[in-house]
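> I have a structure I would like to understand better, so I am pasting it below and will then ask my questions one at a time.
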Amino acid sequence: MDPMEHTRHFKKAYPLKKMYSGTLESPLFYLFLLAVTLFSIFYSLDIFSFFTYITYAIGLDDLKIIHSAVIALLFVFVFLTYRYRSLTKILKSRDLENLQLIHTLSETKQKYRVLLESIPDAVIVINYDWKVLLANDMAHQLFIQESKETLIGVNLLKAFSYFAESSILKTMQHVMENRTPDVMVDSFSFDNDHTRWFEIHIYPVSEGIMLINIDITERILAEAALSESEQRYRSLIDLSPDMITIEQDHKIVFANPAAASMLGIHSVEELLGKPPETLLSIIDGHRDRLIQQFEKIYTRNVSPSFEEFRFVRHDQEILDIEMASIPFIFGEKPAVQHICRDISVRKKAEEERKEAAVNLKLLQEAREYDRLKTEFFSNISHEFKTPLNVILGTLQLYDLHLQGTTLPAELYPIIRYKKILKQNCYRLLRLINNLLDITKIDSGYFQIQHRNCDMVSLVKEITLSVADYVHNKALSITFNSNTDQKHMACDPDKFERILLNLLSNAIKFTNMEGSISVNFIDYGKRVEIVVKDTGIGIPIDKQEVIFERFRQVDPLLTRNHEGSGIGLALVKSLVEMHLGTIRLQSEVEKGSTFIIDLPVIHLEECQPNNDPIEPPCNVEKIHIEFSDIYHM
């Protein structure tokens with residue numbers, strides 16, 4: 001505001017009449033006015049005549065007295081005039097001083113008002129009756145958002161209930177009573193359900209108390225966000241699978257749980273304060289690279305990157321680690337943060353992948369070799385079968401020519417040699433058939449022709465068909481069943497090969513006077529065919545490999561027990577193609593038991609064939625399956 005405007009405002013507010021009221025009421029001033037009046041009269045009339053008349057009027061006739069009185073009056077007049085001028089100068093000087101003082105006070109008041117309004121915080125002065133005496137614009141915006149006249153004179157406790165309900169009331173009362181300032185932090189919920197936090201400074205003043213409300217909502221929210229962010233990052237560090245440590249003065253001052261786990265320590269507290277070299281020692285071949293990494297970070301200011309190192313743990317376990325180190329200031333002191341990732345599993349996986357690649361290559365080579373072998377067996381089987389059929393055909397023609405013919409005694413050995421030749425042809429034919437079937441099974445071309453048939457009758461016919469071979473070896477064979485009939489789906493021809501193979505093994509490995517039994521057991525939804533003998537048995541350590549191809553219990557047995565090692569492998573494959581299983585129970589010198597477990601399946605599109613099964617096991621098939629049994 002302009003100084004002249006302050007002056008005009010002051011004169012308007014405080015007129016001069018009020019300023020000099022004390023001077024106008026003084027008796028001396030009235031005497032001065034009387035002297036001025038008399039002087040005016042003397043000046044306009046004949047002074048001596050005037051006083052002469054006065055003297056005569058009062059009865060005085062001495063002129064000396066009159067002259068003396070006139071002179072005295074003149075002296076009084078002069079004195080009063082001088083005094084008046086002096087007082088006027090003094091009053092003018094005081095007036096200027098007062099005006100300057102008022103102007104200074106007005107400027108100071110205006111500065112403080114501007115300062116008060118410029119404060120970004122709400123300032124309120126409250127008297128002892130809790131009425132607002134002073135409030136800046138920020139206080140109005142905060143509490144009522146109206147003009148300041150609305151807030152002045154308002155009872156703070158009645159107008160704003162949250163003052164009376166919050167803990168700030170006790171603090172304000174304490175400041176009023178003890179006249180000592182105080183500070184507190186509290187939150188207020190306004191009409192728009194918006195909560196704000198304030199740091200409230202309460203000061204005692206002569207009128208009551210002054211409240212300075214500093215809005216710290218942003219700070220509170222920032223601190224909460226910072227705390228949440230810190231907690232989130234703390235959780236990330238704690239849950240990180242990588243080892244995170246801080247090294248300062250060659251000691252570990254911070255470590256996450258993964259560090260303790262990676263270093264084989266029970267708790268993080270055991271790591272703190274320990275030098276890293278007491279927990280890990282780097283392998284010599286990696287030491288130079290580790291020093292180079294630290295040199296890059298400290299001297300060349302190169303960004304950290306993960307590099308692979310190999311350490312030896314305190315318990316001598318080797319760790320493959322990816323490590324990056326970052327220098328920074330921790331607690332106002334230089335420190336280094338190490339981030340280590342255990343790549344031992346990855347390294348092992350890489351080695352396993354390399355090994356798997358090598359094994360895959362070997363497997364592919366083995367498969368190729370197996371394919372070539374299968375093709376070779378198939379080709380060579382066909383090549384063997386053609387001349388073998390010619391030999392068997394020739395032997396059959398020879399038998400036809402010898403029928404009804406009496407040979408001389410010297411030709412009897414030829415008959416025996418013919419039988420030996422024919423038996424070995426059957427052995428070759430059996431081997432060739434087995435090789436061809438195994439090849440077909442491997443290539444997926446072997447077919448099972450299911451049809452519904454009476455399994456009890458089928459198993460019985462096959463068992464009885466080998467009775468001559470059993471009796472020739474002085475063995476006994478029996479067949480038992482808990483049911484008369486059991487119709488189910490199977491391939492009679494393939495099942496014949498299964499049972500003949502098992503009976504052939506039973507005859508081969510059962511000594512004279514031994515016994516063989518075949519039992520058919522019906523369990524409703526499944527059946528069991530049990531072939532049991534009292535032979536030499538199979539050792540426990542050989543029972544797991546007995547169904548593998550080309551595996552035999554003892555390949556160096558006598559010729560009475562010779563075989564190719566394909567039969568039981570083929571039996572297992574044929575049983576599995578019937579959706580069944582086969583298992584072995586055996587004890588050395590007490591015999592063996594083969595148990596075939598088959599599910600009962602019916603083909604709906606086919607009617608059960610109740611006709612008696614035509615013996616599938618003709619004499620030639622039996623000769624082929626039993627061809628490796630000598631001295632029949």
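> In region 119-221, carbon and sulfur make up what percent of the accessible area (probe 1.4 Å)?
Values: 2850 of 5500 Å².
Carbon-and-sulfur percentage of accessible area, whole number: 52.
> About the Cα centre, and with charges only on the beta carbon of Lys, Arg (+1) and Asp, Glu (-1), how big is the dipole of region 119-221? Nearest 20 debye, please. Don't skip to the end; give the middle numbers.
Details: 7 positive and 15 negative charges, 46 e Å.
Its charge dipole is roughly 220 debye.
> Obtain the nm distance between the two label points defined at residue 526 and residue 206 by a simple spin-label model: each point lies 7 Å from its Cα along the Cα-to-C-beta direction.
Rounded to a tenth, the inter-label distance reads 10.9 nm.
> Another question about this same structure. Which of the chymotrypsin sites (Phe, Trp or Tyr not before Pro) found in region 413-456 are in a DSSP loop and have at most 15 neighbouring Cβ atoms, other than their own, within 10 Å? Walk me through the numbers on the way to the answer.
Values: sites: 417, 426, 445, 446; in loops: 445, 446.
Qualifying residues, ordered by number: 445.
> Still on this structure, I have one more. If you average the alpha carbon positions of region 424-491 and of region 69-95, how far apart do those two centres end up, in angstrom?
About 164 Å separates the Cα centre of region 424-491 from the one of region 69-95.
> Just the accessible area per residue of region 465-528, please: how many Å² with a 1.4 Å probe?
Here the per-residue accessible area is 41 Å².
> Suppose R0 equals 22 Å. What FRET efficiency, 1/(1 + (r/R0)^6) with r the Cβ-Cβ distance, do residue 312 and residue 353 give to the nearest 0.05? Write down the numbers at each step before the final one.
Working: r = 25 Å, r/R0 = 1.14.
The value I calculate is 0.30.
> Right, something else. How many Å² of accessible area per residue for region 87-152, probe 1.4 Å? Let's see the in-between values first.
On the way: 4350 Å² over 66 residues.
Heavy-atom accessible area per residue stands at 66 Å².
> Something else about it: Considering only protein heavy atoms and a 1.4 Å probe, what is the carbon-and-sulfur percentage of the accessible area of region 373-500? Display every interim value, and only then the final one.
On the way: 3970 of 7010 Å².
Carbon and sulfur: 57 percent of the exposed surface of region 373-500.
> If the convex hull of the alpha-carbon atoms of region 119-221 is projected onto planes in all directions, what is the mean projected area in square nanometres? If you can, show how the numbers build up before the last one.
Values: hull surface 24.7 nm².
If I average the Cα hull's projected area over directions, I get 6.2 nm².
> Return the subset of 419/473; 494/525; 251/348 for which the Cα-Cα distance in this structure is over 29 Å, preserving the input order. Walk me through the numbers on the way to the answer.
Working: 419/473 18 Å; 494/525 21 Å; 251/348 31 Å.
Exceeds cut-off: 251/348.
The values are calculated or read from the model by the stated rules, or taken from the named source; none is laboratory data. As the structure is a prediction and not an experimental result, all values here were calculated from the model. Using ideal geometry, Cβ is built from the backbone for each residue, glycine included, and neighbour counts are taken over all protein chains shown. The accessibility values were calculated without ligands, DNA or RNA, using every heavy atom of the protein model including side chains. Shrake-Rupley method; radii C 1.70, N 1.55, O 1.52, S 1.80 Å.
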